[in-house]
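Reading through the structure tokens given below for one structure.
A short reminder: the numbers here are calculations on the coordinates, not readings from a lab. Computed from a predicted model, the values in this text were never measured in an experiment. A quick note on method: Cβ atoms are made from the backbone with ideal geometry, for glycine too, and the neighbour counts reach across all protein chains shown.
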Amino acid sequence: MKQVRSFIAVELPEEMSKRIYSIVSEASKAGGNIKWVEERNLHLTLKFLGNVPEEAIPTVSATIESVASSFEPFEFNVVGVGGFPNLTKPRVIWVGVSNTQHLLQLQRQIEEAMESLGFQREEKEFHPHITIGRVKSPHGISKVIEVLRKHEGEQLGKVEVKQITLMRSDLSPSGPTYTPISRHTLSRRQGHD
């Protein structure tokens, strides 16, 4: 049975990816042992599904479609740089988002819908973010953190969410390749319940 490693995400407009990547470019010049996310791979994950049997993909897509159709398009702001667990000793480096009320509602409904299909519920609370790097070792990271701290409160602009994407992830030694499996428009019209 063929498995498809997949996740549900908000894709970013090209302009926003460029803005975020300019921070990545600057930080990567400072050294450190960090696996930076390529510009074309920047996204906001709503739910990581892991390996999904190929024949279950149409059901997953249809379920995402039913969630998407109950939402109107909305916006969130992209702001600042941070790290998990923090920016002093980060394991993951991210760009933050604010104005997340609708994003949190969407993620909660996706989580519930996927749980109804048998996917395990995320134990950790959802903290919306855009991952830009994964720290391989703390060696040489202080100069990178210095660069990142300059962008801590930086307003990078708005993202309008008009659709969500079921994404396939193929891993290789050179890094992952993400391929959209299906895109789902937030199609609820304003003023309609």
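Annotations for the structure displayed:
- Label-point gap, in nm, between K124 and S25 - each point 7 angstrom along Cα→Cβ: 3.0
- GNM top mover of N86, N77, N99 - the chain, alpha-carbon springs below 10 Å: N86
- Magnitude of the charge dipole for the range 1-69, about its Cα centre and with charges confined to Cβ atoms of Lys, Arg (+1) and Asp, Glu (-1), is about 280 debye.
- Amide H contacts for H43 (H built 1.01 Å from N in the peptide plane; partners 5 or more residues away or on another chain; cut-off under 5 Å): T131.
- Between L171 and E75, the C-beta separation translates, for a Förster distance of 45 Å, into a calculated FRET efficiency of about 0.90.
- Extension gain from T88 to A62, taking 0.36 nm per residue of separation minus the Cα-Cα distance: 5.2 nm
- When you restrict to C-alpha pairs under 8 Å that are six or more residues apart and normalise by the size of the chain, the relative contact order lands at 34 percent.
- Over the chain: helical MRE at 222 nm, DSSP H runs n ≥ 4 each giving -39500 (n - 2.57), nearest 500: -8500 deg cm²/dmol
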